[in-house]
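Here the structure is laid out as structure tokens; the discussion comes afterwards.
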Amino acid sequence: MKKKIILSSLTLAGLGWLAISDYFFKYAMTTYKKKPESKELSGRDALYRDKLGFKEFEKQEWILRVDSNISLYANYLDNHSKKTTILLHGFMSDGDSMAGFAKMFYDLGYNVLLPDARAHGRSSGEYIGYGWVEKDDILRWIKKAIGYTGDDTQIVVMGQSMGGATAMMVSGLKLPRQVKAFIEDCGYSSVKEEVDYQAGNLFGLPKVIRKPLIKTMSGINRIENGFFLKRASSVKQLRKNTRPFLFIHGGKDHFVPTEMVYQNYAATNAPKFLWVAPLAGHALSYPMYKNKYRQVIKAFLKKYIH
């Protein structure tokens, strides 16, 4: 009888652990109980005029059919240029959230492509890949942009937050020669490290609980989403990167901790530049340091895009 009670207790404990792990998987890796970022513009936003100007641009809708289940959407601003930037948004946002950046690059003479990541915006999909799955989608967008603008085009890939991590993960792929440079703003060093950090930061879970929880959650993600969390590493991808890279991060970022940018910066042996905006929180470097931000971007692009 005691053995049956013990076995039943262990079974219930195991099922309870799986239920908790599955909850955290859904919380982190799906759109479960999440509201998309608001698109309402505020006059208090330092980028208000840029975002308002973005609304006036004529936009083409581009579509990619990845497979029978996934359709990806993007807006394209045709500046009739041989220079193109592909802008990658953050978690629970969409391409339109990069409006301020789009205006900046358009004014610099670039065509601008603004994809909605899978499971975000107009794009379909159930699971969020935090850049690891999306890196292959971005390679598809790169090839589509080359097909549209011609073989002599020059492409810069830039991303913010999850989009920044996606840009870093893209940089380690075998890429067309038209991809000339990368820019990332406040991207994490790996999905596992960011999930671990947030489990402690948002939920206050101690390391002794986080470690097995994330391991179980990673196994669920492998089954449902196709990869173990530790595989999705910006650092590992950057080690394979050969193209110039500009790294930007807020000095007061407590969502993707600032120390992660130093890991990312150290990982690549390609030409690289780092700017930490001293007082900026997460994804606030541009609105807080608007003029300096533009100067840093322009100086970097001038070196590698002609």
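A short reminder: the numbers here are calculations on the coordinates, not readings from a lab. Just so it is clear, the structure is predicted and the values come from calculations on it, not from any experiment. Note: ideal-geometry Cβ built from the backbone for every residue, glycine included; neighbour counts use all protein chains shown.
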Original post:
Looking only at Cα atoms, what is the convex hull volume of the stretch 125-171 per residue, in Å³?
Top reply: 73
Original post:
Separation between the ASP107 and LEU274 pseudo-spin-labels, each 7 Å from Cα along Cα→Cβ, expressed in nm?
Top reply: 2.9
Subject >> Choice from ARG44, ARG239, ARG210 with maximal GNM fluctuation in the chain (Cα, 10 Å cutoff) >> reply: ARG44
**OP:** For THR30, put the label point 7 Å out on the Cα→Cβ axis and report which residues of the stretch 112-142 keep their amide N under 14 Å from it.
**Re:** 119, 125-129
Subject >> Virtual spin-label span in nm between VAL66 and GLU224, 7 Å along Cα→Cβ >> reply: 1.6
**OP:** Could you list the square roots of 5 times each eigenvalue of the Cα gyration tensor of the stretch 145-209, that is, the equivalent ellipsoid semi-axes, sorted largest first and rounded to whole Å?
**Re:** 35, 10, 8
**OP:** At 0.36 nm per residue, minus the direct Cα-Cα distance, what do LYS55 and ASP136 gain on full extension? Give it in nm, one decimal, please.
**Re:** 26.3 nm
**OP:** Wrap a convex hull around the Cα atoms of the stretch 112-263, take a quarter of its surface area, and give that in square nanometres.
**Re:** 9.6
Original post:
What percent do you get for the relative contact order of the chain when only Cα pairs under 8 Å and 6+ apart count?
Top reply: 15
**OP:** Using only the alpha-carbon atoms of the stretch 59-111, report the extent along each of the three principal axes, biggest first, to the nearest angstrom.
**Re:** 37, 24, 15
Original post:
Convex hull over the Cα atoms of the stretch 179-286, averaged projected area in nm²?
Top reply: 7.6
Subject >> Kirkwood-based shape ratio for the stretch 27-146, expressed as Rg/Rh from alpha carbons >> reply: 0.97
**OP:** Please work out the FRET efficiency for the pair LEU202 and ARG177, using the Cβ-Cβ distance as r and a Förster radius of 35 Å; give the result to the nearest 0.05.
**Re:** 0.25
**OP:** Scan (i) 1.05; (ii) 1.21; (iii) 0.98 for the value of Cα Rg over 2.2 N^0.38 Å calculated from this model and give just the label.
**Re:** (i)
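For the stretch 111-152, what is the Kirkwood estimate of the hydrodynamic radius, computed as the reciprocal of the mean inverse distance between distinct Cα atoms, to one decimal in Å?
Answer for the stretch 111-152: a Kirkwood hydrodynamic radius of 11.3 Å.
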**OP:** Determine the distance separating the Cα centre of the stretch 22-70 from the Cα centre of the stretch 239-294; give it in Å without decimals.
**Re:** 22
**OP:** For the chain, with a Gaussian network of springs between Cα atoms less than 10 Å apart, report the residue from ILE223, ILE86, ILE128 with the top mean-square fluctuation.
**Re:** ILE223
Subject >> Stretch gain in nm, segment TYR23-THR242, where the contour uses 0.36 nm per residue and the Cα spacing is subtracted >> reply: 75.0 nm
**OP:** Only Cα pairs under 8 Å and at least 6 apart count here; give the relative contact order of the stretch 162-255 as a rounded whole percent.
**Re:** 46
